[in-house]
Amino acid sequence: MEKEICILAIESSCDETAAAVVRNGREVLSNIIYSQIALHTEYGGVVPEIASRKHIEKINQVIEQALTDADKELYDMDAIAVTYGPGLVGALLVGVSEAKAISFASGIPLVGVHHIEGHISANYIENKDLEPPFICLVVSGGHSHLVVVKDYGTYEIIGRTRDDAAGEAFDKVARAIGLGYPGGPKIDKVSKEGNPDAIHFPRAKVGNSEYDFSFSGLKSAVLNYLNSCRMKGEEINTADVAASFQKAVIDVLVEHSMDAVSKYHYNKFAIAGGVASNSALRRAFEERCKEKNIAFYHPSPVYCTDNAAMIGAAAYYEYQKGIRHGFDLNAVPNLRLGERI
Ligand code: KG4
Ligand code: ZN
């Protein structure tokens, strides 16, 4: 029988302090997430300094809980995995320092993981049959990438945002219509009461780059619409604005993704990242993939937003390739996908 590989994974790149134990890349034995959302809500967004301090306060507790829930000891672990970029530098440093300290003290190997690679790998957890190659749309608070997953750990980015990330657009528009932080889940919820065809917002085309995205024009169009209603003294229907904005984002994400799937002749398509938990987005992709006879994969919402189980899944495939990091591993806030440091 093949030896089983257990990985303790740590994630602290933004405002979630998370640890998980993952067996053989696909089986989550524990998944602990301490969300700082409530702490940042009063500021309308993540405050990096507060995030770092809270990570320091919570990280040991979260790791201990992950081992306890998995019914494992530290010495049962084959590797300590940690997100080392991209993300907020102070926040990343907490996880990286913690992972290095545990690895140094225990002698258990250290594996650094790219955060986006983690998001993509979240798809492996519940879809046991999913294997590369496939196309993945990664839409989170900081990233909007259309990626060809050629093999485990081998990626080609074919589209990216030129300005705001999809999640960032959700958060900014939510703030403008008075829904507060974090905007994505709130827009998702109120949109269910609204008419997505009530207001026509633009679907941005980006120059000669077929798969790139741009969301800042859409955000401005929403702000202009709100200002013009206020100037004319017209009532604003928040649910209609939210639903129409959401549809404009989804239309572009779906069109670009389906074009890529056709062009690259893949019959597998996956989504990942916080925005991938959006209910209307999931429905739209489900329908289009069914029409095109393409297998559609998506993680459960808890594995879409930041978590450490996805880092453990990605780390397994890195570990199997023999990738180990030294104690000189550093936080890399702008680490590129596919780049290994
Ligand atoms: O992946 P994630 O947890 O963190 C980053 O790596 O950025 O993504 C967070 C983003 C936020 O912008 C949040 O508003 C968005 O994901 N989000 C959603 C939904 N849930 C979270 N956006 C749209 N609909 C949702 N249901
Ligand atoms: Zn993320």
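The values are calculated or read from the model by the stated rules, or taken from the named source; none is laboratory data. Values in this document were obtained by computation on a predicted structure and should not be read as measured data. Every residue, glycine among them, receives a Cβ derived from its backbone with ideal geometry; neighbour counts consider all protein chains shown. Areas reflect the complete protein model, heavy atoms only, side chains present, ligands, DNA and RNA absent. Shrake-Rupley method; radii C 1.70, N 1.55, O 1.52, S 1.80 Å.
Observations, loosely collected:
- Multiplying the residue separation of LEU223 and THR41 by 0.36 nm and removing their Cα-Cα distance gives an extension gain of 63.4 nm.
- Computed from Cα atoms alone, the Kirkwood hydrodynamic radius reported for the chain is 20.4 Å.
- Computed with a 1.4 Å probe over protein heavy atoms only, the accessible surface of the chain comes to 43 Å² per residue.
- Over the chain: helical MRE at 222 nm, DSSP H runs n ≥ 4 each giving -39500 (n - 2.57), nearest 500: -14000 deg cm²/dmol
- Shown is the FRET efficiency for ILE56 and SER300, computed with R0 = 35 Å from the Cβ-Cβ distance and rounded to the nearest 0.05: 0.75.
- Counted over the chain, the DSSP beta bridges are approximately 60% antiparallel.
- Share, in percent, of DSSP beta bridges within segment 132-298 that are antiparallel, nearest 5: 60
- Take 169-178, 195-204, 319-328 and order them by the average number of nearby Cβ atoms within 10 Å per residue, most first; the result is 169-178, 195-204, 319-328.
- Taking label points 7 Å from Cα along the Cα-to-Cβ direction, ARG336 and LYS290 give a separation of 4.0 nm.
- Just the protein heavy atoms count here, and of the accessible area of the chain at 1.4 Å, carbon and sulfur take up 49 percent.
- For segment 1-123, the Kirkwood estimate of hydrodynamic radius, built from reciprocal distances between every pair of different alpha carbons, is 14.5 Å.
- Volume per residue of the C-alpha convex hull in segment 214-301, rounded to whole Å³: 105
- Cα Rg, Dmax (largest Cα-Cα span) when computed across segment 132-298, Å: 16.0, 55
- Of the GluC sites (Glu not before Pro) found in segment 202-247, those in coil by DSSP whose Cβ has at most 12 other Cβ atoms within 10 Å are GLU234, GLU235.
- Among 250-256, 140-146, sorting by the average number of other beta carbon atoms lying within 10 angstrom of each residue, highest first, gives 140-146, 250-256.
- Helix runs (DSSP H) in the chain reaching 27 Å along axis by Cα, Kyte-Doolittle at least 0.0: 238-264
- Measuring against 26 Å, Cα to Cα, the residue pairs LYS54/LYS247; LYS205/LYS263; LYS192/LYS263; LYS172/LYS192 contain LYS54/LYS247; LYS192/LYS263 as the ones spanning a longer distance.
- All-pairs alpha carbon distance profile, segment 64-199, 5 Å steps from 0, percent: 2, 8, 12, 15, 16, 16, 14, 9, 5, 2, 1, 0
- Only aspartates and glutamates eight or more places from LYS268 in sequence, or on another chain, were considered; those with a Cα closer than 19 Å are GLU117, GLU126, ASP129, GLU131, ASP151, GLU156, GLU255, ASP259, GLU286, GLU287, GLU291.
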